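In what follows, a structure is listed as structure tokens, so that the remarks can point back to it.
The values are calculated or read from the model by the stated rules, or taken from the named source; none is laboratory data. Note that the structure is a prediction, hence the values are computed from the model and not measured. As a convention, Cβ positions derive from the backbone with ideal geometry for all residues, glycine included, and neighbour counts pool all protein chains shown. We work out accessible area using only protein heavy atoms, side chains counted, and drop any ligands, DNA or RNA first. Shrake-Rupley method; radii C 1.70, N 1.55, O 1.52, S 1.80 Å.
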Amino acid sequence: MNAEYVNLFMNAATQVFEEAAQVTLNIGSKAVRTGSIYEKNVIVLIGITGQVKGSIAVSMDVEYAKQTASKMMCGMPVDVFDEMPQSAIREMVNMMMGRVASLFETKGVTIDITPPTLMTGEKMTISNEITPTLVLGLNDLTGTNVIDLDVAITDVA
């Protein structure tokens with residue numbers, strides 16, 4: 001996997017979460033995995049086509065998703081992770097991927113993204129044709145892993 005491409009995803013994620021939800025994230029762990037069982041129970045999945053193909057999954061715990069959605073909605077309390085906060089989280093990931101597409105464009109690489117799909121549940125498994133997947137752990141200022149960014153991409157020949 002192209003390290004320059006991975007940096008585009010990391011930069012976009014940290015920038016958009018800062019701008020949209022006033023959340024400062026740092027890159028924590030980096031791991032490669034072939035299986036895709038998710039420990040966190042909110043996942044937003046976006047597909048990528050064009051000169052690069054694959055998918056991105058952004059996962060977080062529902063409590064963190066509610067806190068983040070609340071910040072995006074100007075502090076409105078979010079007690080239940082229903083349609084409104086789900087929409088906010090989908091939109092933030094969509095904004096992140098829009099930024100990724102723009103960053104790819106500056107490198108002369110054209111990509112398109114699919115609309116975001118949000119899923120909730122315990123111990124979900126997502127299978128894709130591109131393996132291995134690079135998993136970037138995004139930490140808050142306390143050093144706690146709050147978001148996982150799974151990058152499964154490849155260049156199109």
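Below are the figures for this structure:
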{"read-out": "Where ALA57 falls short, out of the listed (1) surrounded by 15 or more Cβ atoms within 10 Å (Cβ to Cβ); (2) not in a strand (DSSP E or B)", "value": "(2)"}
{"read-out": "Close pairs (6 angstrom Cβ cut-off, 6 or more residues apart or separate chains): assigned to a helix (DSSP H, G or I) in the range 69-93, of a type in the set (S, T, N, Q) anywhere", "value": "LYS71/GLN22"}
{"read-out": "Top-ranked residue of the range 94-119 - restricted to ones that are within 26 Å of PHE81 (Cα to Cα) and not in a helix (DSSP H, G or I), ranked as most open to solvent (accessible area, probe 1.4 Å)", "value": "PRO115"}
{"read-out": "The lone exception for ASP140 - which of (1) touching a helix residue (DSSP H, G or I) at 6+ places or on another chain (Cβ under 8 Å); (2) over 20 Å from LYS53 (Cα atoms); (3) touching a residue at least 24 places away in the same chain (Cβ under 8 Å) it fails", "value": "(1)"}
{"read-out": "Selection within the range 135-157 - in a strand (DSSP E or B) and within 16 Å of MET60 (Cα to Cα)", "value": "VAL135, LEU136, GLY137, LEU138, ASN139, ASN145, VAL146, ILE147, ASP148, LEU149, ASP150, VAL151"}
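For (1) modelled with pLDDT of 95 or more; (2) over 12 Å from the mean Cα position of the chain (by Cα), each residue gets a yes or a no:
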| residue | (1), (2) |
| --- | --- |
| SER36 | no, yes |
| ILE46 | yes, no |
| SER55 | no, no |
| VAL58 | yes, no |
| GLU63 | yes, yes |
| MET73 | no, yes |
| ASP82 | yes, yes |
| ARG90 | yes, no |
| THR114 | yes, yes |
